[in-house]
Amino acid sequence: MLPDFRVRQRDFLLEISRAITAHLDLSEVLRRVLNASVVMLSGEVGLIALQQDENLYRIQATLGVPDELLPALNQQLDDLFTDSNGLRSEVINTRLQKMALGINRSLRQSVAIPLIFANELLGLLVVFRAYREGFTPNDIQVLQSFADQAAIAVHNAQLYQKIDEERMRLAAILDQSADGVMILDANLHILRFNRALERMTGWRIEEALEQHQDDVFVWKRRDKGDLKDALASGWPLNTPPDSPARMLYVEGDLLRRDGLALSVAIIYAPLLSSDGRLANIIANVRDITNFRQAQEMQDTFVSTISHELKTPVALIKGYAGTLRREDAQWDPHVITNGLTVIEEEADRLAELIENLLATSKLRAERMKLDLDYVRLDEIAKRAVERISTQTKIHSFTLRFPPRFPVTQGDEVRLRQVLDNLLSNAIKYSPEGGKIEIGGLVQDGMLKLYVKDHGVGMSDSEQERLFERFYRVDSALSRKTQGTGLGLYLAKAIVEAHGGKIAVESAPGKGSTFSFSIPIID
Ligand code: ADP
């Protein structure tokens, strides 16, 4: 029969062991272990240090130790563990005694018990007491068996903490991802939904969770792939593992919650359970609006450019064919007229080809400038003279101050910018009207502008104006010749001069395009 005291100690030990192994929160487990150890040994003070890295132990829980002593105690622990003799009992005893005195002069006894799990030293449990009697072998045995239980609890809590950290890290990665990420169960209910998807779909995370994906992902138009069809025909099990077919690609226009459409591409990747059944589906959702727009622009470009090439070629061929007819006698006026059209159309073709070449070159390298002194007021004057022969319904005003400064620039390119702005001013004021071209000195730069009173543009139409191949989608643009390259090249030329190009416009009110370049003496 065990003496009463021992029985109580054993019951206490069992009860406390149960309580600590039922917990998974590491700091709570440590707190309980420490409290129980100190109570069991009638101690006053205790601490638990856990391994952080190889040979680095840090105090993680204390009882009765003022916080300001922690750095010094951690240092003493470091010395203990790095000293090769450190773990010999007499060395431990001396060092513990030193620690005890550092904490409280009345502490006379100390005991340190290693927390060992699967032959690995997880940490050290230390109890100090003022009680004069030394720790009996029984005390130490009780504490040792308690420490074995505690080590299991600490190990479990550490594992749990690691898993929890990993889970939070994964959640943070999902949330930070610029792409939409969603995890579905096998019945296509949403288990996870990240922030990017909130932005894309207009659904808040809390609202989307547990919904069926078809309630959140409503298609306005689907161009490729269908998850339901794929599942009905046996996907993903009907595809070999690791083959690209394991990934399902779906593309189309989603109907967002606010009724707007969004072009997206979704890649569904299956996650199988250990017995080979479909457990989850991970969906990666990408906003492909820009990609679609670029593709559409490219398509429109091909059709406009073929139209742009065909028209002059047809005119040239028509006039050349007519003029060379051997059975006809043309009077000189008709001949001159025909040849003028041929010349103009050939010029237009040459200009178009030049623009295309410049554009493709610009994609490959930065624009090179052939610099010399230029007089932009003169260039503008000549540009107006040239262009005014092409229209009868527009009138032009030049507004340059006398002695407009000379600067350095590439004359051919700058002429191209002005020609382009002027020809746009004509094209996009089909009713005719005044066109003003002027210059001023502003903030040490030369600023030139072309102002028309034509159709103008809305703010949204202005946004993409300077992009390659971009043309405003309007009835007028559709019937007006153009490739969407003029402003793109104008911007590149101005920027190559270290300048900036800008537009101010409103629908029905006309537009003012302006650019500034630095004055270089
Ligand atoms: P394009 O060859 O189509 O004229 P640009 O790059 O010169 O190409 O111009 C792009 C688009 O910007 C045009 O299609 C037109 O819709 C719009 N735009 C350009 N200049 C004007 C203007 N002065 N007034 C109204 N719209 C303009």
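Averaging Cα coordinates gives a centre for region 349-395 and one for region 186-206; these two points are 51 Å apart. Note on region 237-311: Cα Rg divided by 2.2 N^0.38 Å, N the number of residues, gives 1.68. Hydrodynamic analysis of the chain uses the Kirkwood radius over alpha carbon pairs. Inserted into Stokes-Einstein at 37 °C and 0.692 mPa s, it gives a translational diffusion coefficient of 103 µm²/s.
Relative to the longest principal axis of the Cα atoms of the chain, helix 4-21 runs at roughly 10 degrees. Charged neighbours of Glu504, selected by a Cβ distance under 15 Å, balance to -1 (K, R count +1; D, E count -1). Could you compute the net charge surrounding Ser474? Neighbours are other residues with a C-beta less than 14 Å from the C-beta of Ser474; K and R count +1, D and E count -1. It works out to a net charge of +3. Projecting the Cα positions of Val33, Leu63, Ile48 onto the charge dipole of region 5-68 (unit charges on Cβ atoms of Lys, Arg, Asp and Glu, taken about the Cα centre) puts Val33 furthest along the positive direction. Is the shape of region 336-433 best called rounded, prolate or oblate, per the rule: a/c under 1.5 gives rounded, else a/b larger than b/c gives prolate, else oblate, with a ≥ b ≥ c the square roots of the Cα gyration tensor eigenvalues? Here region 336-433 falls in the oblate category.
For the chain, the relative contact order comes to 8 percent (Cα pairs under 8 Å, sequence separation of at least 6). Spatially, region 418-485 and region 221-258 are offset by 45 Å when compared through their Cα centroids.
For region 271-319, carbon and sulfur atoms together expose 60% of the accessible surface, with a 1.4 angstrom probe and every protein chain in place. When the pairs Lys368/Lys392; Lys361/Lys509; Lys317/Lys427; Lys220/Lys500 are compared against a 32 Å limit on Cα-Cα distance, Lys368/Lys392; Lys361/Lys509; Lys220/Lys500 fall above it. Computed over the Cα atoms of region 368-521, the ratio of the radius of gyration to the Kirkwood radius (Rg/Rh) comes to 0.95.
Under the shape rule built on the C-alpha gyration tensor, where the axes satisfy a ≥ b ≥ c, region 264-379 is oblate, since a/c reaches at least 1.5 while a/b does not exceed b/c.
Between the exposed loop cleavage positions of the chain, defined as GluC sites (Glu not before Pro) in a non-H, G, I, E, B DSSP state with at most 10 neighbouring beta-carbon atoms within 10 angstrom, the longest gap is 134-325. Listed by chain and number, the aspartates and glutamates whose alpha-carbon sits under 20 Å from that of Lys162, ignoring those within fewer than 8 places in the same chain, are Asp25, Glu28, Asp53, Glu54, Glu120, Asp175. Relative to the longest principal axis of the Cα atoms of the chain, the long axis of helix 70-82 lies at roughly 80 degrees. Charge dipole (Cα centre; +1 on Lys/Arg Cβ, -1 on Asp/Glu Cβ; no other charges) of region 129-215 amounts to roughly 460 debye.
Where does helix 289-323 land angle-wise versus the long Cα axis of the chain, in degrees 0 to 90, nearest 10? Orientation of helix 289-323: about 20 degrees from the principal axis.
When a/c reaches 1.5 or more, the comparison of a/b and b/c decides; with that in mind, is region 189-347 rounded, prolate or oblate per its Cα gyration tensor?
prolate
When the charge dipole of region 396-438 is built from unit charges on Cβ atoms (+1 for Lys and Arg, -1 for Asp and Glu) and taken about the Cα centre, the candidate among Pro430, Leu414, Phe400 whose Cα reaches farthest toward its positive end is Phe400. Taking the Cα centre of the chain as reference, the dipole from Cβ charges on Lys and Arg (+1) and Asp and Glu (-1) amounts to some 480 debye. A 1.4 Å probe, protein heavy atoms only, puts the accessible area of Leu70 near 40 Å². In a DSSP loop and with at most 13 other Cβ atoms within 10 Å, the trypsin sites (Lys or Arg not before Pro) in region 215-312 are Arg277. Calculated mean residue ellipticity, 222 nm, the chain: -15000 deg cm²/dmol, from DSSP H runs (n ≥ 4) at -39500 (n - 2.57) each, averaged per residue and rounded to 500.
The values are calculated or read from the model by the stated rules, or taken from the named source; none is laboratory data. Predicted model only: the values in this text are computed from it and were never measured. Neighbour counts run over all protein chains shown; Cβ positions are idealised from the backbone, glycine included. Ligands, DNA and RNA are stripped out before the accessible areas are found, and what is left, the full protein with its side chains, is counted by its heavy atoms. Shrake-Rupley method; radii C 1.70, N 1.55, O 1.52, S 1.80 Å.
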